[in-house]
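Report on the following structure.
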Amino acid sequence: MTAVHPNVETLRAVYRDLTCIGDHLDEHAVLHPATRAVDPDAGEVRGAAAVQRWEVDLVDSTDATLVMDVQHITANDHFGAVLGTLRARFGDQEFTEAFCGLWRFRDGRIVEHWENIYDPRRLAAIASADRRSG
């Protein structure tokens, strides 16, 4: 039996509960939002506290309906990749979309995360509509 890499376990924990990401972040962590290519306001999120807040705000924006349905996780000492389906409700709209989370690790801590969603324009539109109605 092959042992599971510790960074795989870290990613499993994070995708079970995004709000626990702070337990695994390097103090200088950087997050690249899923809508970065389509939303000029979606800049890098820098620092452990800001990344933690980003994830908590994401969960809150869905009234805690967000589920990251993970299909595949792979990781080594340096990088990780997670494939799955994001399911959530933003206001009165259901949202389901394929995602690919890419991660960079240093000494077992998350130092960088790239959020990737299949249709970032759709996510930006639904999140923007939810902010306007809320």
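What follows draws every value from the coordinates through simple rules; no lab data is involved. Small disclaimer: the values here were computed from a predicted structure and weren't measured. Glycine gets a Cβ as well: all are built from the backbone with ideal geometry, and neighbour counts include every protein chain shown.
Just a few scattered comments:
- Residues in the stretch 1-39 that a label on V59 would reach, taking backbone N under 13 Å of a point 7 Å out along Cα→Cβ: 13-24
- Label-to-label distance, H72 versus W114, with points set 7 angstrom from Cα along the beta-carbon direction: 1.6 nm.
- Converting phi to 3J(HN,Hα) with the Karplus coefficients 6.51, -1.76 and 1.60 and the offset θ = phi - 60°, the stretch 45-58 yields 9, 10, x, 4, 5, 5, 5, 4, 4, 4, 5, 4, 4, 4 Hz in sequence order, with x at every glycine or proline.
- Dividing the summed -39500 (n - 2.57) terms of all DSSP H runs of n ≥ 4 by the residue count of the chain sets its mean residue ellipticity at 222 nm at -9000 deg cm²/dmol.
- Hydrodynamic radius (Kirkwood) for the stretch 6-133, which is based on Cα pairs only, to one decimal in Å: 14.7 Å
- Among beta bridges from DSSP that stay inside the chain, the antiparallel ones total about 90%.
- Surrounding net charge for V38, when Lys and Arg each add one and Asp and Glu each subtract one, Cβ distance under 10 Å: +1
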